[in-house]
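The block underneath contains the structure these notes are about, expressed in structure tokens.
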Amino acid sequence: MKYALVTALLALLLLDSSPAAAAISDARATPRQLTLFGTSGNLVQVRWQVATTPDHATGVSSPAATIVDPGTGRVLLVVNTSLDAAGSGPFVLRESLQVDADTVRGWQAAGLERVVLERSFGDPATGGGAVGRVVLRLSGSQLRALREGAPSELLVVSVRLEFETGNNTAIVERDADLRAGLTVQHTGTGILRGRWQIAEPGSSEAVPVFRTLALVNTQVRAGQRSYLRSPVLPTSRPGVYLLRFCVSGTDPVAVAEDAQCPGAGQVVHATYQVHARAGFRVVRIRSLEPDRARLGQEGMFRWGEVPGAATYQVQIFEFAPRATTGGEAPEPRFIAGMLVPGDAGATRLTELARSRLSPERRYLWRVTAYDQAGVTIGTSEEASFIFSPDG
Amino acid sequence: MGTRLVALLLLAACLQPAAAQQAGPLTAIDQRSFSLDLPAAALAQADGALAVDLDGYDLTPFSRVDGTVLRVALDSPLPPGGYLLSLMLFFPDGSVEVLLDTILQVPVGDGMTHSASGMLQASYRVAEGPAENFAGADDTTAKGSVSYQGERRSGAWRLGAGAGVIYDRYSQAAPADERWLLPEYALFAAHEGSVAATELKAGNVAVSQDDLLFSNFQRRGVALQSLAASERFQLQAFSMVSAPSNLVQADELLPRDSDNRSSGLRASVALPDERLRLSGGLVDGRGPLGGAGFNQFIDPAIIGGDSWNVGLDSRLAGGSVALALERAGSNFDVDGIGVGAPERSDDAMRATLGLASGGAFDSGPFSYWSAEFQYRQVGLDYYSMANLALPGNIEVHSAYLQAGWRDFAVDLDLARERSNPDDDPDLATQTLDRAGVNLGWSPGTLDPDRGPWQWLGAPSINSWAYRYESSQPDADAQLVGFDVDNATDEIGLALTFARARLNWGLQLALVDYDDRSDPVFNGNFLVYEPPSDSRNTQASLQASWAASERITLDAYIQRNKLEESALDDVYRNTAYGLSGNLIVVPNRLTARAGLNFGRDHSDFGNPQFLAERLHSRVADLQLSWQAIHARPGRPGLNLNLSGSYARNEDLALLVDDELWSVFVGAQLDWNWSRP
């Protein structure tokens, strides 16, 4: 464990600002490292945590931050933004600063690969204080930074949210199966933290109210790029839906910013609208029999009837275990099918279908309902049976 | 667009007909009916039962014998196309005689089809609070969308158009002040000849390819594509906007700006039976990083260059062996054209061997099995405008195996990712080793009415275990300013249970992170501080219950706990919620209500840091009165009363933020189709 050593070294480094009896005792920055790009304006957002002894009550002040060359200690830039808080500690202070592309390129041209953002936090009354630092790595571009290697901690560089349309907007029919895809570009590996949030009809007006659909705490399994699918998105009510994914760190965000979402740079938005379909909705066909049971030579398939059905399509597939999370099993092989008039909610296993089944083999089956125009109006989940002609 | 009957019939061309009379193609009368003269053998065998099979589907209940003619009349239409039609006789002794195999052609009718749908929602905020959170937001809002698809068929020609347009002044998925969004649009002309099918399209264009050059690249633009009837030749040429877009703006509809355009082509040619397919592609373009759907990112740089690939794919042994080789190269400027370094050249390659049951290889004791072995190397400076997220500066060896046996499925995943494959002395070399196993169990014959399953529901279990090791030579630490040496262990278990009206699931996951890296100093500055060891535990429980035909309830709870051992810091996140839908008056009045809660807590081993507490509560309620039912061609009208409430409290910083509003609204839904 190297952490104790580091803490001791930090304490040595901060000897000149050792705490007084009632004093500021430590300062931490989150994140501890960031990457600045030479192609773009860079928004640096830092959350400073300032620890204090219990009897401290005289506030904290940091009149300026500096960006220094760690190799020489030379000050490269002074950020004249004062962070202050009154009263008793501990404190949490937030800072946003812009570093333009020209500045980054200038540092790179001088041979620098990293700089350090440093801020001293002092007690206005006693003068004691602590120093916090963030390492700012320099890279020629966002894409290049992904490939140059990075510390093992996961650092999200870019996030993209899209539907099957190839962008972040869609129009779908009611009850459609809808998911969004999230492409995350990152350095390092670790746990990707975030949350899917949605505002539904009734809450998606001018000032939307989002609710959390799901928390995400997923171990990233490969380098540089990861792909996530959203949970199944609600489409049961016609109207306007807003979807967003918020990358989150371990720290709670400021309520004043955007509840449960970090800085705007780590949020992606999408919207979709659900259209009602005139006439029938696609209903879920339930009560399938047999299911997880045996089916004899003259066995019957039964299901819940669907109003308006002109034809039922019964399909039988070879049984295959469902794929696990990590992979995809092949599509079940189609064995036989039967078309059944819409006024029936059941059918006997026909001779033709039976001729394609093997005794004591396991099969999946499902049923789909169509109206007179051939439009799907009902679907079922897959049920299973073992064909037992002698049973 | 509704799914047409027997669409899956096309997937079912797996029948092996016995020796039978071969007849010439038969043309159906229309999409619902056809008739044919019965073979003499059918008339002679009085004790046999006649069966009609169409692409594996038994149509017998829809058929009748009229003298010497078999007539089939379906209640739903068949999609146009060709089907394998078989007539069979089943005898009492169990024997089967195939009387006839023929191709049934269901004709394409000339004419025009249109379908359109729309939704317009207007709402008025009758109450809200606090007022400052609604500053600048109108009391009355209108949002809506229209979708249209039309197609005209004339012989071998098809002309079509389609578009979906959204109006939303407040959408967060577009820049401020943009009111109109265009998720997709298309104009096309297609010709299906006897030699090839050719299509010219403007609108959302996709190159459905996943390789080193393309990653399912889909943008707005124009494309010309042609596919030989034999499917042996394929060509697609395209010019697209480089960045994803969703606005109704002329410069985003088509690739007009040379700084936001990617053009190229893709072609392939195959030997018969797909034993060998040669393919190649080229993309030349420029564009910005980002676009619709990306996180906000201020990047004015235009990047770009040209990239190409050639590939060879071979399927052997009845499809059981798949071999793919690919080579790609690029000249690309990634840090901004005219800025920084000039464009650089680099290359990439990939070799994949796939083996699978189902062809020449027997599945053995398994229901199925497959294996894929891959070697991939992508140079530091290889890029493609059609695949910008491709990991680079990397060499990957991977093996992926999966198999199913009775009720079990297993996946094995092994990989080594090594950066700096060119051993550039200015770059660090990092290695990530990954080994994992997934196990799934979905019992197919448990009696759901017996034992614990009658209460729990039919079970399905998935479990996984992974180990990751990352490392970097010690000497590289000073070079790049950080060290990498750690191991991560991940295990998880997911249980799902299904009953007729209740589905519920439980998931547990544990991730242990062990860091062995060393601190790195640059001068007097600590520029790399090793992260703490940590343990992350996650548990979630969700349930969906259809209590009756009129009531559905959904509930979930998720908890996550991250413990960092170095300083005894602990982070906890909890989210839970309950929502329900109620049909109060069938076909008239529905209600929906939801309650969601969040708890985010941070506690630090050093009590001199501020422990943090963020609590959130969200509630919503909507009543919807269906005043007029939508029917084809006639709008439907819904009247809504909705309210929502959100409260976010920071208990540490004593911030309490509330937001609530009540709306009344009307929603028009409209559908139209012809014929």
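The values are calculated or read from the model by the stated rules, or taken from the named source; none is laboratory data. Because the structure is a prediction, the values reported are computed rather than measured. Positions of Cβ are backbone-derived with ideal geometry, glycine not excepted, and every protein chain shown enters the neighbour counts. Heads up: the accessible areas ignore ligands, DNA and RNA and are worked out on the full protein's heavy atoms, side chains in. Shrake-Rupley method; radii C 1.70, N 1.55, O 1.52, S 1.80 Å.
If we keep just the residues of region A:151-160 that are facing another protein chain (nearest Cβ under 7 Å) and out of contact with any Pro (no Cβ under 9 Å at 6 or more places or on another chain), which is nearest to residue A:261 (Cα to Cα)?
A:159
Would you be able to say whether some residue in region B:220-236 is part of a strand (DSSP E or B), of a type in the set (Ser, Thr, Tyr) and at pLDDT 90 or above?
yes
Only one residue in B:435, B:465, B:477 is more than 7 Å from chain A (Cβ to nearest Cβ) and within 30 Å of residue A:70 (Cα to Cα). Which one?
B:477
If you check residue B:437 against the conditions, is it free of Cβ contacts under 8 Å to residues at least 24 places away in the same chain, touching a Phe, Trp or Tyr at 6+ places or on another chain (Cβ under 8 Å), assigned to a strand (DSSP E or B) and crowded, with 17+ Cβ neighbours inside 10 Å?
no
So which of B:241, B:248, B:207, B:310 ends up being open to solvent by 60 Å² or more (accessible area, probe 1.4 Å) and within 14 Å of chain A (Cβ to nearest Cβ)?
Answer to the check: B:248.
What about residue B:546, is it closer than 21 Å to residue B:580 by Cα and in contact (Cβ under 8 Å) with a residue 12 or more places away in the chain?
Yes, satisfied.
Given B:101, B:93, B:168, B:110, which one is buried (at least 19 other Cβ atoms within 10 Å of the Cβ) and under 30 Å from residue B:54 (Cα atoms)?
B:101
Any idea which of B:648, B:640 is free of Cβ contacts under 8 Å to residues at least 60 places away in the same chain and either within 8 Å of chain A (Cβ to nearest Cβ) or among the polar types (S, T, N, Q) (or both)?
B:648
For region A:161-218, give me each residue that is in contact (Cβ under 8 Å) with a residue 24 or more places away in the chain, open to solvent by 20 Å² or more (accessible area, probe 1.4 Å), within 7 Å of another protein chain (Cβ to nearest Cβ) and of a type in the set (A, V, I, L, M, F, W, C).
Result: A:171, A:191.
Please work out which one of (1) more than 9 Å from every other protein chain (Cβ to nearest Cβ); (2) in contact with a Leu (Cβ under 8 Å, 6 or more places away or on another chain); (3) open to solvent by less than 10 Å² (accessible area, probe 1.4 Å) is the condition residue A:232 fails and give its number.
It is condition (3) that residue A:232 fails.
Give region B:412-434 a look and list any residue that's on the phi > 0 side of the Ramachandran plot and surrounded by fewer than 17 Cβ atoms within 10 Å (Cβ to Cβ), or say none.
Passing the criteria: only B:423.
Out of all the residues in region B:357-394, which are at pLDDT below 90, touching a strand residue (DSSP E or B) at 6+ places or on another chain (Cβ under 7 Å) and open to solvent by less than 40 Å² (accessible area, probe 1.4 Å)?
B:357, B:363, B:368
Output the number of residues of region A:20-75 satisfying the condition of being more than 22 Å from residue B:523 (Cβ to Cβ), of a type in the set (Ser, Thr, Tyr) and part of a loop (DSSP other than H, G, I, E, B).
Residues in region A:20-75 being more than 22 Å from residue B:523 (Cβ to Cβ), of a type in the set (Ser, Thr, Tyr) and part of a loop (DSSP other than H, G, I, E, B): 4 in total.
Quick one: would you say residue A:245 is open to solvent by 10 Å² or more (accessible area, probe 1.4 Å), outside any loop (DSSP other than H, G, I, E, B), modelled with pLDDT of 85 or more and not small (Gly, Ala, Ser)?
Criteria not met by residue A:245.
Hey, could you check region A:89-112 for residues that are over 26 Å from residue B:300 (Cα atoms) and crowded, with 16+ Cβ neighbours inside 10 Å and say which is farthest from the chain's Cα centre (by Cα)?
Going through the qualifying residues, I end up with A:89.
Step by step: first the residues of region B:210-238, then only those that are of a type in the set (Asp, Glu) and surrounded by fewer than 17 Cβ atoms within 10 Å (Cβ to Cβ), then the one that is nearest to the other protein chains (Cβ to nearest Cβ). Which residue is that?
The qualifying residue nearest to the other protein chains (Cβ to nearest Cβ) is B:210.
Hey, can you tell me all the residues within region A:330-346 that are closer than 27 Å to residue B:407 by Cβ and either modelled with pLDDT of 85 or more or touching a Pro at 6+ places or on another chain (Cβ under 9 Å) (or both)?
A:334, A:335, A:336, A:337, A:338
Check whether at least one residue in region A:40-58 is open to solvent by 10 Å² or more (accessible area, probe 1.4 Å), at pLDDT 90 or above and not polar (S, T, N, Q), and report yes or no.
No, region A:40-58 contains no residue that is open to solvent by 10 Å² or more (accessible area, probe 1.4 Å), at pLDDT 90 or above and not polar (S, T, N, Q).
Out of (1) modelled with pLDDT under 90; (2) out of contact with any Ser or Thr (no Cβ under 8 Å at 6 or more places or on another chain), the odd one out for residue B:178 is which?
(2)
Check residue A:257 against each of (1) within 21 Å of residue A:156 (Cα to Cα); (2) more than 7 Å from chain B (Cβ to nearest Cβ); (3) at pLDDT 85 or above; (4) open to solvent by 10 Å² or more (accessible area, probe 1.4 Å) and name the one condition it does not meet.
(3)
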